Amino acid sequence: MTRGKLVLKNLTRKKTRFLFTVLGISVGIASLVTLLSLGTGLEAEVRKQSQELGAELVVTPKGWCAYEQISVLTGETLPEAIPNADVEKVASIKGITAIPYLVQRTAIKNQPVTVVGILPEPMKQFKNWQVEKGEYRLDRESLVVGFSIAKQFELKTGDKLTIRGTEFLLSGILKEMGNRDDLVIYLDLTTAQKLYGVGDKVSFIAVKVDDITRIEQYSQEIQERANVAVVSDKQLIKSVMAIVGTVRNTLQMIAAVAVLAAAFGIINTMLTAIHERKREIGILQALGGKRRTIFFLFLYESALYGIVGGVVGLIAGFAFSFFAAPYIQQSEFTAFLGSAQTVEIFNLAVIGQAMLFSVLVACLAGIYPAWQASRLSPVEAISYE
Amino acid sequence: MSDMIIRTEKLTKIYENGYSTVALQGVDLEIPRGSLSCIMGPSGHGKSTLLHLIGGLDRPTSGKVFLEDLDLTAIDANRLAEVRCRKIGFVFQFFNLLPMLTVLENVEIALMLAGVPPKEQHERAGDLLALVGLEDKLQARPNQLSGGQRQRVAIARSLANDPDILLMDEPSGNLDSKSESELLQNIEKVNERGKTVVIVTHSPTVSQVAHRIYYIQDGRLKREVENFG
């Protein structure tokens, strides 16, 4: 006989109670894991999208807040605020490549789709795009689409697409890039500006620099020449992460409350068990069980609820986050969660955090009942009927 | 070392449950080492209370209990648990076996609490159960045994840590006459091995095997009789 075996036998003798107590903590841990997974995936996706933007600097209109900066990465609609004069000023700086973006929206079959107005050739080189089908032609009558858009809406080259009442020929489908470029319709910049009536303005400019060590000087020079703001890719990530982090922390707090609620379930279960097993506690005391022994036997039982509940919660949480992620409605914050790839299943940090939290909460919940059990008078306990 | 293994001095126990109930009052008692003693008397007159105090399961309101030279009333709860574990074995009227454990495990648990490694627990528990004739019931659950068999498991468990003293509270109270007779044989066998046995009983049959009988009435020691059989 070992203490572990005794704990296990005691724990599983009331199977239904055991099951429901475990379920209580599992639900809490599952929600925590779901949010941790989505949060971690979201952060990873922000970094990935930022990398795939391919720019070291992003030129934005002055006064943009972090919410608008997120949209640079998510492809959400952006206000058009940088005039062509400023685009030319930025582009004229030696040692940089400036790629203007006009980000707008349209709908295909009542589904919202991002439309981006670009300079066709510089953009192709900048992004290193390849054509999957058709040809890369963007002008007043033709456009190209990303790989996933074509797949999602079953588009073929030669199809007609109507945007804001104007019919365009789908000239080409880009090769899959594995990022948000796959989810966009690309128009020639001038055509897009006319179509959306924004004059000669663009939403933002992605800037690639030739010499990365001079990034500060480039940033300063851009701001001196044009009436714009400049953020580096690192600053962009930082400000986006600050918002993502706040949202994630809030959601995790809510999940933590669910786990804490489950902790009260454990306290209740343990107190009931102690009441029912009062005589058995007395027997153990009569046989020489010390207060410390009784305390730890009950604390181990409680901890085991945390371990089993944690494991079940982890599995359920990962399963839920994997299957639910594609159905989460797109918004400024969840735009990155549009595909299951954004969810990091079996992330070791998530597993560690969730298990630690589960066991810690279960142990804390077990302290009071275990202390009560250890303080019972042997003669009172053994005489209990 | 004194010849008396158990000694009480002016032992008094008063229960306070809103009103005071005097269970024991000024009991002076001496129990010789290696003896087989019975504590008898009417129900509710303090026999079991005396046994609980001698066994360190409860604390007196006043007075002292000595186990050899150790004053049980002066030591803390953990030390008292240690004494119960190493020096004293208990057998109760209602057997007090743990229902979710097998017969073997019920004996092993006493060894586990004494820190005996699992392999040794297994061997020693098997030997003790063989001693009480239950070697074929090792994997049975307590609810699969008769009253007599359960009491034999309880005796095996009480002997697990080779205690000096065996305290039995109405051990034949739930047994038929055949089981009671088997119990007495086991008790005598244990006593012959040098263990001091103290039995609280109403049974004249049990008292017949005792070397010494203490009569408790109204919480006081009324008489002490030596029994030469």
Next on the checklist: So, in segment A:222-240, exactly how many residues are open to solvent by 50 Å² or more (accessible area, probe 1.4 Å) and either over 14 Å from A:K62 (Cα atoms) or not in a loop (DSSP other than H, G, I, E, B) (or both)?
Outcome noted: 6
Item to check | Sole exception among (1) touching a residue at least 12 places away in the same chain (Cβ under 8 Å); (2) away from every other protein chain (no Cβ under 11 Å); (3) outside any helix (DSSP H, G or I); (4) touching a helix residue (DSSP H, G or I) at 6+ places or on another chain (Cβ under 9 Å) for B:G173, by number | outcome: (4)
Item to check | Residues (open to solvent by less than 10 Å² (accessible area, probe 1.4 Å) and either on the phi > 0 side of the Ramachandran plot or out of contact with any Phe, Trp or Tyr (no Cβ under 6 Å at 6 or more places or on another chain) (or both)) located in segment A:370-381 | outcome: A:A381
Next on the checklist: I'd like the full set of residues that are buried (at least 20 other Cβ atoms within 10 Å of the Cβ) and among the small types (G, A, S), limited to segment B:36-70.
Outcome noted: B:S37, B:G41, B:G46, B:S48, B:G55, B:G56
Checklist entry - Going by the structure shown, is A:E135 closer than 18 Å to A:Y196 by Cβ, more than 29 Å from the chain's Cα centre (by Cα) and charged (D, E, K, R)? => result no
Checklist entry - Inside segment A:115-134, can you point out the residues that are charged (D, E, K, R) and in contact (Cβ under 8 Å) with a residue 60 or more places away in the chain? => result A:K127
Item to check | Selected residue [in a helix (DSSP H, G or I) and buried (at least 19 other Cβ atoms within 10 Å of the Cβ)] from B:A160, B:A210, B:A156 | outcome: B:A156
Item to check | Within segment A:89-168, strands (runs of 3 or more DSSP E) holding 2 or more residues that are at pLDDT below 90 and of a type in the set (S, T, Y) | outcome: A:96-108
Next on the checklist: I'd like to verify a number: residues in segment B:152-178 that are modelled with pLDDT of 90 or more and not hydrophobic (A, V, I, L, M, F, W, C), how many?
Outcome noted: 8
Checklist entry - Within segment B:89-128, which residues are of a type in the set (G, A, S) and either open to solvent by 50 Å² or more (accessible area, probe 1.4 Å) or at the interface with chain A (Cβ under 7 Å from one of its Cβ atoms) (or both)? => result B:A110, B:A114, B:G115
Next on the checklist: Condition check: within 14 Å of A:L195 (Cβ to Cβ), open to solvent by less than 50 Å² (accessible area, probe 1.4 Å) and hydrophobic (A, V, I, L, M, F, W, C). Does A:L155 satisfy that?
Outcome noted: no
Checklist entry - Are any of the residues in segment A:44-58 buried (at least 21 other Cβ atoms within 10 Å of the Cβ), in a strand (DSSP E or B), modelled with pLDDT of 80 or more and among the hydrophobic types (A, V, I, L, M, F, W, C)? => result yes
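Results for (1) more than 14 Å from chain B (Cβ to nearest Cβ); (2) surrounded by 14 or more Cβ atoms within 10 Å (Cβ to Cβ); (3) of a type in the set (D, E, K, R), shown as yes or no for each residue.
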{"residue": "A:A261", "(1), (2), (3)": "yes, no, no"}
{"residue": "A:I267", "(1), (2), (3)": "yes, yes, no"}
{"residue": "A:L271", "(1), (2), (3)": "yes, yes, no"}
{"residue": "A:E276", "(1), (2), (3)": "no, no, yes"}
{"residue": "A:I283", "(1), (2), (3)": "no, yes, no"}
{"residue": "A:A286", "(1), (2), (3)": "no, yes, no"}
Checklist entry - Within the set of pairs 6 or more residues apart or between chains, which connect a residue that is over 15 Å from A:I274 (Cα atoms) and of a type in the set (A, V, I, L, M) inside segment A:360-385 to a residue that is surrounded by fewer than 21 Cβ atoms within 10 Å (Cβ to Cβ) and modelled with pLDDT under 90 with Cβ atoms less than 8 Å apart? => result A:V361/A:L260
Checklist outcome for this item: Given (1) open to solvent by 10 Å² or more (accessible area, probe 1.4 Å); (2) within 12 Å of chain B (Cβ to nearest Cβ); (3) aliphatic (A, V, I, L, M), A:L251 misses just (2)
Checklist outcome for this item: The residue from B:T201, B:T205 that alone is open to solvent by less than 10 Å² (accessible area, probe 1.4 Å), of a type in the set (S, T, N, Q) and touching a residue at least 12 places away in the same chain (Cβ under 8 Å) is B:T201
Checklist entry - With (1) within 19 Å of A:P378 (Cβ to Cβ); (2) more than 10 Å from chain A (Cβ to nearest Cβ); (3) surrounded by fewer than 17 Cβ atoms within 10 Å (Cβ to Cβ) as the list, and B:R86 as the residue in question, which single condition is left unmet? => result (2)
Next on the checklist: Given the criteria assigned by TED's automatic domain parsing to the domain that holds A:A370, farther than 19 Å from B:M100 by Cβ and either free of Cβ contacts under 8 Å to residues at least 12 places away in the same chain or among the aliphatic types (A, V, I, L, M) (or both), does A:L297 qualify?
Outcome noted: no
Checklist entry - Of the residues that sit in segment A:3-17 and are touching a residue at least 12 places away in the same chain (Cβ under 8 Å) and either open to solvent by 30 Å² or more (accessible area, probe 1.4 Å) or small (G, A, S) (or both), which one is nearest to the other protein chains (Cβ to nearest Cβ)? => result A:R3
Next on the checklist: Residues that are free of Cβ contacts under 8 Å to residues at least 24 places away in the same chain and under 19 Å from A:M1 (Cα atoms): list the helices (runs of 4 or more DSSP H) wholly contained in segment B:12-122 that include at least 2 such residues.
Outcome noted: B:103-113
Next on the checklist: Return the residues of segment B:71-83 that are open to solvent by 50 Å² or more (accessible area, probe 1.4 Å) and among the aliphatic types (A, V, I, L, M); say none if nothing qualifies.
Outcome noted: B:A74
Item to check | Failed item in (1) more than 13 Å from B:L67 (Cβ to Cβ); (2) part of a strand (DSSP E or B); (3) under 18 Å from the mean Cα position of the chain (by Cα), with B:I6 passing the rest | outcome: (1)
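The values are calculated or read from the model by the stated rules, or taken from the named source; none is laboratory data. As the structure is a prediction and not an experimental result, all values here were calculated from the model. Here Cβ is always computed from backbone atoms with ideal geometry, including for glycine, and neighbour counts include all displayed protein chains. Just the protein is used for accessible areas: all its heavy atoms, side chains included, with ligands, DNA and RNA removed. Shrake-Rupley method; radii C 1.70, N 1.55, O 1.52, S 1.80 Å.
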